[in-house]
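Just below is one structure, and these are the notes that go with it.
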Amino acid sequence: MKLSLSGRLVEKSSTQSAMPVTDFIRLAARYGYDAVDLRGSQVNPDTPSAVFAELKSVLQSTGIAVFAGQYHGKLADAAEEARFVEFAAKLADLGAFSIRMGAQPPVLKRAAQLVTPLGLRIHYQMHTNSPFETIDGAAKVLAEINEPNFGLVPEPANLALAGLPFSRDMFEPLHGGIVGVHVQTLVVSPDGANALKLCDGREVRYTRVPYAENRHTPFAVFFDALREVGFDGYVNELEPMPAEGELENVVREAAAFLRPLL
């Protein structure tokens, strides 16, 4: 497996990043990551072609690959579809592996069809309060979309939030449908500092903790389960933006924790 660093770590908002994307790529290279996950705050359909050219040069000089780009939209009409394909073509020119979208299944299916000629994939991170909240539910929707270049990205924190059990055969229903992995570290607890809703309306609370302090998430079982279904792709570190002055520590410590699991 290969380790990727997500731009979420430097994302102030959906439109603003805490550092230039070229510096983010160099940050990933400095700590031994193999790839980057570029968020919409870093590159998007409005990003000038000159910026893409600069990114391509930095990627080549650092040897960093692009796990994914991100697109926000519903492909509502022909004009938006054309805009999406133009953006996807620029990502493909960077050598991107996939594009992350958070849309409804019919939109995901159409997006996968549109990027097929570019050799790209479309993926959806398995997330609470979505059609892909559980493994069985995700397998059903995956079959409904039924596009060879559409796949899912499981993530242990959201699986834990959904109350799913971890086992070596947990991903068997998704065999062949996993195109990447996201990882972040949090602990589910009744007195957690944060809360979210599940599809059935239940509230779940959680607190973020460093990887080294997480005694609740069975990361080793999670990665064993990925191996059981033959996954050997990108594992994307997905922590949100840390406190000021902590970015490099988080990037370094995440790599040190995750790399042995790969």
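Any read-out appearing in this document is the output of simple, stated calculations on the displayed coordinates, not a laboratory observation. None of these values were measured; they are calculated from a predicted model. No Cβ is skipped: glycine too gets one built from the backbone with ideal geometry, and neighbour counts run over all protein chains shown.
In summary, the convex hull built on the alpha carbon positions of the range 48-198 has an orientation-averaged projected area of 10.7 nm². Cross-link partners for K109 among the aspartates and glutamates, with Cα-Cα distance under 16 Å and sequence neighbours closer than 8 places in the same chain left out: D77, E80, E81, E144, E147.
Put simply, the amide H of R121, placed in the peptide plane, has neighbours under 5 Å in S98, I99, leaving out anything fewer than 5 places away on its chain. Annotation: amide H-H contacts under 5 Å for T217 (H modelled 1.01 Å from N, sequence separation of 5 or more, or interchain): none.
Mean residue ellipticity at 222 nm, helices only, the chain: -10500 deg cm²/dmol; runs of at least 4 DSSP H residues each add -39,500 (n - 2.57), and the sum is divided by the number of residues.
Rank these for me by crowding, E172, E237, going from fewest to most other beta carbons within 10 Å.
Details: E172 13, E237 25.
In increasing order of surrounding Cβ atoms, one gets E172, E237.
Couplings 3J(HN,Hα) for the range 3-9, derived from phi with the Karplus relation 6.51 cos²θ - 1.76 cosθ + 1.60 (θ = phi - 60°), are 9, 10, 10, 8, x, 4, 5 Hz, where x marks Gly and Pro. Compared with the direct C-alpha span, the chain from C199 to N249 gains 14.5 nm at full extension, assuming 0.36 nm per residue.
Quick one: dipole size for the chain, taken about the Cα centre, charges +1 on Lys/Arg Cβ and -1 on Asp/Glu Cβ, in debye to the nearest 20. Intermediate values should be presented prior to the final figure.
Details: 24 positive and 31 negative charges, 30 e Å.
Roughly 140 debye for the chain.
Distance from the alpha carbon centroid of the range 1-72 to that of the range 77-149 works out to 19 angstrom. Listed by chain and number, the lysines placed with their C-alpha closer than 17 angstrom to that of K56 are K90; residues fewer than eight positions away on the same chain are left out. Per residue, the convex hull spanned by the Cα atoms of the chain amounts to 123 cubic angstrom. Computed 3J(HN,Hα) for the range 66-73, one whole-Hz value per residue from the Karplus formula 6.51 cos²θ - 1.76 cosθ + 1.60 where θ = phi - 60°, is 10, 5, 7, x, 9, 10, 9, x, glycine and proline marked x.
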